[in-house]
1. Would you be able to tell me the number of residues in segment 78-88 that are open to solvent by 50 Å² or more (accessible area, probe 1.4 Å) and not charged (D, E, K, R)?
2. Residues that are at pLDDT below 95 and open to solvent by less than 70 Å² (accessible area, probe 1.4 Å): find the strands (runs of 3 or more DSSP E) completely inside segment 89-150 holding 3 or more of those.
Amino acid sequence: MSDLPVNGLVLAGGKSRRMGQDKALLDRGGQSQLSYLAGLLEKKVERVFVSTRADQKDDGERGKYAQIVDRYEDMGPLAGILSAMDEFPAADWLVVACDLPNIDDDTIAHLLANRSPSQPFTAYISSHDGLPEPLCAIWRAGSGDIVRQFADEGVH
């Protein structure tokens, strides 16, 4: 297990083009999806941040939380992850996308209990395609170079 702090990052900077409405604001039993996920993370990590685009930083719901504003454009979720790594390079990041409705306490606890001290990422394997699920994963401090290589290769 790594002795580095783990911060939480809720990715809430998407444009929700396909859905047609802001996924972070979807109602989940009287609270927003963003609020639900931030609450889950707050119980398990050092600090929780919400990843936003610059034009979202004054949004009322996102404004309830500490924010990391994307420093990169046209990179999708990697913009938020890289921005968080830039801001706090000595922390591991437990990253969750705001549009994953099935995340619960057990999901988060399992990821944290299995955090690898030697691998750059800890992730679930998708039952759909057998690939790692990067938007519900732990991204280790120091993995930024790998992430930038993904971005340079067009993998966003």
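The values are calculated or read from the model by the stated rules, or taken from the named source; none is laboratory data. This one's a predicted model, so the numbers in the text were calculated from it and none came from an experiment. FYI the Cβ positions are ideal-geometry reconstructions off the backbone, even for glycines, and counts take in every protein chain you see. Side chains included, ligands, DNA and RNA excluded: accessible areas come from the protein's heavy atoms. Shrake-Rupley method; radii C 1.70, N 1.55, O 1.52, S 1.80 Å.
1. 1
2. Output list reads 132-139.
Okay, residues lined up against (1) under 24 Å from F88 (Cβ atoms); (2) of a type in the set (D, E, K, R); (3) modelled with pLDDT under 90:
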{"site": "A12", "(1), (2), (3)": "yes, no, no"}
{"site": "K15", "(1), (2), (3)": "no, yes, yes"}
{"site": "M19", "(1), (2), (3)": "no, no, yes"}
{"site": "K23", "(1), (2), (3)": "no, yes, yes"}
{"site": "K44", "(1), (2), (3)": "yes, yes, no"}
{"site": "V50", "(1), (2), (3)": "yes, no, no"}
